[in-house]
1. So L150 clears everything in (1) out of contact with any helix residue (DSSP H, G or I) (no Cβ under 8 Å at 6 or more places or on another chain); (2) more than 11 Å from the ligand (Cβ to nearest atom) except one condition, right? Which one?
2. Which number in (1) open to solvent by less than 40 Å² (accessible area, probe 1.4 Å); (2) free of Cβ contacts under 8 Å to residues at least 24 places away in the same chain; (3) away from the ligand (no atom under 16 Å from the Cβ) marks the one condition that E145 misses?
3. Would you point out the residue of the stretch 4-24, among those that are touching a residue at least 12 places away in the same chain (Cβ under 8 Å) and open to solvent by 40 Å² or more (accessible area, probe 1.4 Å), that is farthest from T108 (Cα to Cα)?
4. Output the residue which, of all residues in the stretch 43-82 that are open to solvent by 80 Å² or more (accessible area, probe 1.4 Å) and in contact (Cβ under 8 Å) with a residue 40 or more places away in the chain, is nearest to the chain's Cα centre (by Cα).
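The values are calculated or read from the model by the stated rules, or taken from the named source; none is laboratory data. These numbers were taken from a predicted model, which means no experiment stands behind them. Ideal geometry is used to build each Cβ from the backbone, glycine not excepted, and the neighbour counts take in all protein chains shown. Note: areas computed on protein heavy atoms with side chains; ligands, DNA, RNA excluded. Shrake-Rupley method; radii C 1.70, N 1.55, O 1.52, S 1.80 Å.
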Amino acid sequence: MLSETEIHAIDHEVSLVPYKKAAVIEALKIVQQERGWVSDESVEAIADYLEISAAEVDSVATFYNLIFRRPVGRHVILLCDSISCYVMGYQTLYEALQQQLNVKFGETTADKNFTLLPNACLGCCDHAPALMIGEDLYRDVKVEELEGILKKYV
Ligand code: FES
């Protein structure tokens, strides 16, 4: 079931598009912002509200890799694994993240603070390697800076 806050925000998005279905990605983002991720029940609630099938909502949700269909930690780390970052130190960063957080890609730390995910190009290839934590983009990341970066989120 959608909350009043979610319904209010989704109604606003629906008012901006020609038909309800076109607001599906925004509806998914709204629910994720409120709940941290998008459960099957949320997919069904969005589908009911937008008068489309749950399968249609789910197909959009699974197409966009930043819609999380499983619970994630309070902070999601997106480590770029595209070509520029790959050649500029991605592997070293990944190994350091695995060691410092004790997780692999797709996993969440025991304290539920971080989820680590691979991500395609973050759009700053001239400043590789790059990663994002939540909305924060880190460029030219050096492995020795990682600990200090992570500490900002604990
Ligand atoms: S390849 Fe990593 S930011 Fe583009």
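1. Here L150 meets the rest and fails (1).
2. (1)
3. Looking at residues that are touching a residue at least 12 places away in the same chain (Cβ under 8 Å) and open to solvent by 40 Å² or more (accessible area, probe 1.4 Å), I get K20.
4. N65
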